[in-house]
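Taking it in order: structure first as structure tokens, then the write-up.
The values are calculated or read from the model by the stated rules, or taken from the named source; none is laboratory data. Note that the coordinates shown come from a computational prediction; the quantities given were computed from them, not determined experimentally. So basically every Cβ, Gly included, is an ideal-geometry build from the backbone, and we count neighbours across all protein chains shown.
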């Protein structure tokens, strides 16, 4: 990010979805994604979950409107390992597909309220993220760069 871009957003802080059952949602996202619930000091009814680098919020609702085809995606570092994790939990997923142009793989799952979640793996993504977050970890910049 250049100095000219500092006024622009850096990343998405959180996304908020509806839920018809707060306890079920917290249990599912804790098991599937290893998220932790944050208990706000305010009297909000919104459920706050975090994974450290990304957050999800859930607003309790009486009835759920159909979400598909709207979805969010999470990047995993070990696609096969995560699919095994899902299978161990009994979470069904779509047939994994590959994109040969960037060697990525993806599939979809649904949470208990049927929110669609894309599970995606890009083999070069970790390096890209590390370079963006901590470029100094990869040595000094070459002269003139």
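The figures follow:
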item: Residue in the stretch 5-15 that is surrounded by 11 or more Cβ atoms within 10 Å (Cβ to Cβ), modelled with pLDDT under 95 and not in a loop (DSSP other than H, G, I, E, B) present; result: yes
item: Condition met for residue 123 (farther than 19 Å from residue 18 by Cβ, at pLDDT below 95 and surrounded by 12 or more Cβ atoms within 10 Å (Cβ to Cβ)); result: yes
item: Those residues of the stretch 16-39 which are part of a loop (DSSP other than H, G, I, E, B) and out of contact with any strand residue (DSSP E or B) (no Cβ under 6 Å at 6 or more places or on another chain), in sequence order; result: 20, 21, 34, 39
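Matching residues to (1) under 30 Å from residue 123 (Cβ atoms); (2) over 14 Å from the mean Cα position of the chain (by Cα):
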{"residue": "2", "(1), (2)": "yes, yes"}
{"residue": "14", "(1), (2)": "yes, no"}
{"residue": "41", "(1), (2)": "no, yes"}
{"residue": "52", "(1), (2)": "yes, no"}
{"residue": "80", "(1), (2)": "yes, yes"}
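For every residue, the table says whether it meets (1) at pLDDT 90 or above; (2) outside the structural domain of residue 122 (by TED's automatic domain parsing).
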site: 24; (1), (2): yes, yes
site: 31; (1), (2): yes, yes
site: 43; (1), (2): no, yes
site: 48; (1), (2): yes, yes
site: 75; (1), (2): yes, no
site: 85; (1), (2): yes, no
site: 88; (1), (2): yes, no
